[in-house]
Amino acid sequence: MKKAIRIAIADDHTLVRSGITMILRSNSDFAVVQQSENGRELLEGLEQSHPDVVLLDLEMPVLSGSETLIEIRKLYPDVRVLILTMHNNDAFIVRMMELGANGYLIKNSDPDEVIRAIYKVVESEFYFSDTVSKAMLQGLSNPELKNKGTLTGHGLSEREVDVLKLICQEYTTTEIGEALFLSPKTIEGYRKVLMEKTEAKNMAGLVLFAVRHGIHIENS
């Protein structure tokens, strides 16, 4: 039997939490294991609920979404975090991805996109909607957001750049290995080195780094 994807929801609006829960529970692949009205309550329950994915609002009392995201990255680095908010500001979106979000959704997103994003972050660790892709591309022309220099100028070897490009195209570890005639174990080694060299917090941050240096990403 297929294991259900465990999901926690943090939003200070009861109606929003209930609506999202209703949508997710209609899918047998999902199990909503925690609902919280603020970031502090979410963090206090994570050790017991063990979610695979957190849907996180940004404007909450007690502990904001951005503060909560920072804590999740410190305490539960393997948990996928999808930001779900009304804020649609390019610089703000990029900032959340830098802090370690695995994806960013606007609250007027179609329910199908939310479901698709959950599957995607579990499978490949990141989901870049059109909104996020646009924000990152806008960042390339924004002096405050853009990192200057080439990928090789940041100490990446040509082979590491090859691996990074395929990660951006949403290839799995096995697929990257097949494309480059390397073992999955070797590819995992490259992933680890890339994370260290770019100081990315997760795969989404790694892709963000790549896009800022001229690598095009493919939307699913």
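The values are calculated or read from the model by the stated rules, or taken from the named source; none is laboratory data. Note that this is a predicted model, so its numbers are computed, not measured. Reconstructed Cβ throughout: ideal geometry from the backbone, glycine too, with neighbour counts over all protein chains shown.
Odds and ends about this structure:
- Among the residues of region 136-188, those that are among the acidic types (Asp, Glu) and modelled with pLDDT under 80 comprise Glu144, Glu170.
- Within region 107-127, being more than 15 Å from Ile20 (Cβ to Cβ) and acidic (Asp, Glu) holds for Glu123, Glu125.
- Any chance Ser129 is more than 30 Å from Ala8 (Cβ to Cβ), polar (S, T, N, Q) and modelled with pLDDT of 70 or more: no
- Cβ separations smaller than 8 Å between residues 6+ apart or across chains give the following pairs from region 41-60 residues that are without any contact (Cβ under 8 Å) to a residue 60 or more places away in the chain to residues that are assigned to a helix (DSSP H, G or I) and charged (D, E, K, R): Leu43/Glu71.
- Residues that are farther than 17 Å from Lys120 by Cα, part of a helix (DSSP H, G or I) and under 20 Å from the mean Cα position of the chain (by Cα), drawn from region 188-210: Glu188, Tyr190, Arg191, Lys192, Val193, Leu194, Met195, Glu196, Lys197, Thr198, Phe209, Ala210
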